[in-house]
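The values are calculated or read from the model by the stated rules, or taken from the named source; none is laboratory data. Quick caveat, the model's predicted, so the values are computed rather than measured. Cβ coordinates were reconstructed from backbone atoms using ideal geometry, including for glycine residues, and neighbour counts include every protein chain displayed.
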Amino acid sequence: MMDAKLLSIVTFVYFGAFFCYLLHVIFPGRWWGTIATWTSRLGFFAHTFALLIRWRLTYVFSTGHVPITNFYESLVFFSWSVCGLYLLVEARIKNRMLGVFSLPIAFLLLAYASFSPSVESTIQPLIPALQSNWLTSHVLTCFLAYAAFSCAFGLGLMYFIAGKESIISRLLPQRDMIDELLYQMIALGFVFLTLGIFTGSVWAHYAWGSYWSWDPKETWSLITWLVYALFLHGRFVRNWRGKKAAFLSLVGFACVLFTYLGVNYLPGLHTYLR
Amino acid sequence: MRHLRTGFIDILASIRLTLALLFILAVLGIIGTFVPQEKPDEVFGGQKILYHLQMYDIFHSYIFYFVMVMLSINIIFCSLTRLPQAWRRFRGDQVQVKFKIREEIRLPLEVEDIKSKVTSLLKKRLYKTPPAPQATEVEGKAGLSSYLGPYIVHAGVLVLIAGTFLSSVFGIEGYANIGEGETINRIETGKKMGQTYTLPFEIHLKKFTVEFYENGMPKQYRSDLEIIKDDRRSIQAALMVNHPIEVEGFRIYQASYGEKTGGEAKLGIFVKSEKVGEIKVKEGQKFPLPREEKTRVLVLRTENNLMHMGPAVKLSIQSDRGEFVFWVFKHIEKILASHPGILEEFKMLNPRLYSPYHFILEEFQSNYYSGLQVKRDPGALLVGVAAIIIVFGLVVTYFISPRTLKICWEKDEHLWRVSIEGTAARDISTLKRDVSYLIGKLVT
Ligand code: HEM
């Protein structure tokens, strides 16, 4: 399928971009950074194009749906959101360091989608329960949240590295700035995760007759939500900044990963994604 | 005594308690996904402790309810103690400063009436500008409603907790499998084995239909129902997945479907291309083969969708030539078109196996049952309202930025010296944008 082929090429472009960001760190100066940015923009553009092709193809091979309805498609969309959000952040803070942490996430997700034999990439028709606009908004908002949390995770790692005296740490933005950006990313992710949980509940309400049934994926999304709520309150009211905040961003991301992948090994409704 | 009471209230209003409660909730959630959430029939040894701690039904346990109640109390006390300050900030009586900006520009003296120009620019950026005492100064504030955001979120969380409480205490949920032509009014609630609930109306399934994709996955299924109320009035309703119907406070969902064994098939029997017989059969039925009265045909199975290839019946022909067992598919042409050569490979699929006879499955009437879920959930509406409040509160909190700008100017020999001072309480980027907008508009 054309979209899948294009996506496997994008995987290499992302890896190339990551490599350029790395070179940018080792050989500071204008060149590598600019190349890295344009490489990832190119990759993102092709990625977007591939998503559109796939969307079009769902009308050919099925009844037509936004392509975020199976595991393969969700990985592809996750990767797309991470790269897109990163590019936005880069343009806003005018610093390319986060690329070293974000691009590999985008790359790994896409590589897993494209090259793992256990991930089925064909376009499948939708079983009745999945034919719902609420489901589309649910998946969309959840993965935007995941992308924001992934960037926060990258920032958390960056914070720890920025603390150690080394060549690299001098290239990083100031720790205060990392800290502030980390907070903003988590706030953004929190809003989207909240939306994601609610739209998911509405969907479940119509499809399964119950807005909340404590299945493992639901429960873990709630746990993730609680961890980030903990972060926001700890920060706002007890002034958890710096290391504590960075550490919580790592814990939160571990929860995100478990919500996304880990729970597939526990029984429940959402396992249709497999 | 008074001391003790305020101390207690301080604890109930403290964020430390919030952090502890959120943490405990997360831990309960983790336990709830790793300890199977179904009541075991029997428990032994260490399991007994888990059982009495209600770890097998943790989300309806006393511990869980207790934490939720504590969280509600915590939110109420905390919000009440902090609301006055948030209100002062919202009214603009108290300014919170986290970020500061200061810029200075010079304008030629020809520029006149800076005051009204600055004021109108600030208004365009949604600043409120109370009349300033001095003629060379304008002060504006914007985005102050953001200060109320967290309180809106907290109010939403309270409504959410109330809604889920209503759902879990007064909600009714049950299932029923109903065949075509049947009428039921009892649902199994599943709280205890065999426990049922009697609905105030009857459900009659007139017809069940299911459509399939080419690969055999179900595409859509629907039940045509007739709901018969107490007063014998009835309503017709079509029920589909994702499109529940509502009856007297209950919602009925198309949850699943299944097949009872034994659909009814109409078989056409041919010799060469001449039709020699036509018969309606069910599973287990035996009939003599037309024109070969000694030979018996036994219907071994009727399948509505065998191996995703559509309806099929399995026949066994017992003749003096021996026993012939094979399947007769309804969509044999389609199967042959997509799998040429399959009949040679699998004799069992060949409807001409007992030559010169040839069987065609002309019609197939399956025997589906429809799986309905029936639910009454008095909390769902409240939960929906809560969701809207919470999302609204979050947007107010994070997408509105409280900020102030103060612009002063003085004559300096042959130009105006304009200073712009800004402060922001949550994020600085909006303020920065405002300042560059202002400078851009003033300079041109
Ligand atoms: C699950 C429940 C809760 C949710 C979803 C929630 C949500 C939020 C959010 C989104 C904020 C804004 C944080 C920020 O500025 O980044 C906030 C602030 C706050 N929350 Fe909560 N909260 C919850 C429970 C509580 C509880 C139980 C308390 C009680 C003590 C509390 C006390 C506060 C306080 C004091 C603030 C700062 C308010 C201010 O800006 O003036 N929260 N909450």
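Of all residues in segment B:144-166, those that are at the interface with chain A (Cβ under 10 Å from one of its Cβ atoms) and β-branched (Val, Ile, Thr) have Cβ atoms under 7 Å from Cβ atoms of residues that are assigned to a helix (DSSP H, G or I) and more than 8 Å from the ligand (Cβ to nearest atom), 6 or more apart or on another chain, in B:164/B:383. For residue B:310, the conditions (1) over 27 Å from residue B:256 (Cα atoms); (2) out of contact with any strand residue (DSSP E or B) (no Cβ under 6 Å at 6 or more places or on another chain) are fulfilled apart from (1). Against the definition (more than 9 Å from every other protein chain (Cβ to nearest Cβ), buried (at least 22 other Cβ atoms within 10 Å of the Cβ) and under 30 Å from residue B:375 (Cα atoms)), how does residue A:189 come out, yes or no? So residue A:189 fails the test. Going through (1) among the hydroxyl-bearing types (Ser, Thr, Tyr); (2) away from the ligand (no atom under 12 Å from the Cβ); (3) at the interface with chain B (Cβ under 7 Å from one of its Cβ atoms) one by one, residue A:221 falls short only on (3). Within segment A:229-250, the set of residues being of a type outside the set (A, V, I, L, M, F, W, C) and more than 10 Å from chain B (Cβ to nearest Cβ) comprises A:235, A:239, A:241, A:242, A:243, A:244, A:249.
Every test in (1) surrounded by fewer than 16 Cβ atoms within 10 Å (Cβ to Cβ); (2) within 16 Å of the ligand (Cβ to nearest atom) is passed by residue B:169 save one, and that test is (2).
Within segment B:71-91, residues that are within 14 Å of another protein chain (Cβ to nearest Cβ) and among the small types (Gly, Ala, Ser) sit with their Cβ atoms under 8 Å from residues that are assigned to a helix (DSSP H, G or I) and more than 8 Å from the ligand (Cβ to nearest atom), at 6+ positions apart or across chains, in these pairs: B:79/B:155; B:86/B:148.
To keep it simple, each residue is scored yes or no on (1) modelled with pLDDT of 85 or more; (2) surrounded by 14 or more Cβ atoms within 10 Å (Cβ to Cβ); (3) assigned by TED's automatic domain parsing to the domain that holds residue B:176.
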site: B:242; (1), (2), (3): no, yes, yes
site: B:252; (1), (2), (3): yes, yes, yes
site: B:267; (1), (2), (3): yes, yes, no
site: B:276; (1), (2), (3): yes, yes, no
site: B:279; (1), (2), (3): yes, yes, no
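Within the group A:30, A:92, which residue is without any contact (Cβ under 8 Å) to a residue 24 or more places away in the chain, under 18 Å from residue A:148 (Cβ atoms) and either in the same structural domain as residue A:158 (by TED's automatic domain parsing) or of a type in the set (Lys, Arg) (or both)?
Working: A:30 fails: under 18 Å from residue A:148 (Cβ atoms).
Checking each option against the conditions leaves just A:92.
Listed here are the helices (runs of 4 or more DSSP H) enclosed by segment A:167-274 that have at least 2 residues being at pLDDT 90 or above: A:175-207, A:216-238, A:242-260.
Taken over segment B:385-405, the residue count meeting the criterion of being within 11 Å of the ligand (Cβ to nearest atom) and polar (S, T, N, Q) is 1.
The single condition from (1) within 9 Å of chain A (Cβ to nearest Cβ); (2) without any contact (Cβ under 8 Å) to a residue 40 or more places away in the chain; (3) under 17 Å from residue B:184 (Cα atoms) that residue B:218 fails is (3). Would you say residue A:208 is surrounded by fewer than 21 Cβ atoms within 10 Å (Cβ to Cβ), away from the ligand (no atom under 14 Å from the Cβ) and at the interface with another protein chain (Cβ under 10 Å from one of its Cβ atoms)? Yes: the conditions hold for residue A:208. In segment B:374-384 there is at least one residue that is within 16 Å of the ligand (Cβ to nearest atom), among the β-branched types (Val, Ile, Thr) and either buried (at least 19 other Cβ atoms within 10 Å of the Cβ) or within 11 Å of chain A (Cβ to nearest Cβ) (or both). Determine if segment B:112-135 includes at least one residue that is touching a helix residue (DSSP H, G or I) at 6+ places or on another chain (Cβ under 9 Å), within 14 Å of chain A (Cβ to nearest Cβ) and touching a residue at least 24 places away in the same chain (Cβ under 8 Å). No: segment B:112-135 contains no residue that is touching a helix residue (DSSP H, G or I) at 6+ places or on another chain (Cβ under 9 Å), within 14 Å of chain A (Cβ to nearest Cβ) and touching a residue at least 24 places away in the same chain (Cβ under 8 Å).
Number of residues in segment A:74-124 that are within 14 Å of another protein chain (Cβ to nearest Cβ), farther than 21 Å from residue A:55 by Cα and surrounded by fewer than 19 Cβ atoms within 10 Å (Cβ to Cβ) equals 5. Evaluate the following for residue A:147: is it away from the ligand (no atom under 14 Å from the Cβ) and either touching a strand residue (DSSP E or B) at 6+ places or on another chain (Cβ under 6 Å) or modelled with pLDDT of 85 or more (or both)? Spelling it out, residue A:147 is indeed away from the ligand (no atom under 14 Å from the Cβ) and either touching a strand residue (DSSP E or B) at 6+ places or on another chain (Cβ under 6 Å) or modelled with pLDDT of 85 or more (or both).
Mind counting the residues in segment B:45-69 that are modelled with pLDDT of 90 or more and either within 9 Å of the ligand (Cβ to nearest atom) or touching a Lys or Arg at 6+ places or on another chain (Cβ under 8 Å) (or both)? Residues in segment B:45-69 being modelled with pLDDT of 90 or more and either within 9 Å of the ligand (Cβ to nearest atom) or touching a Lys or Arg at 6+ places or on another chain (Cβ under 8 Å) (or both): 0 in total. Residues in segment B:406-434 that are within 14 Å of another protein chain (Cβ to nearest Cβ) and aliphatic (A, V, I, L, M) were compared, and the one that is nearest to the ligand (Cβ to nearest atom) is B:425. Scanning segment B:400-431 for residues that are surrounded by fewer than 16 Cβ atoms within 10 Å (Cβ to Cβ) and closer than 29 Å to residue A:187 by Cβ returns a single hit, B:429.
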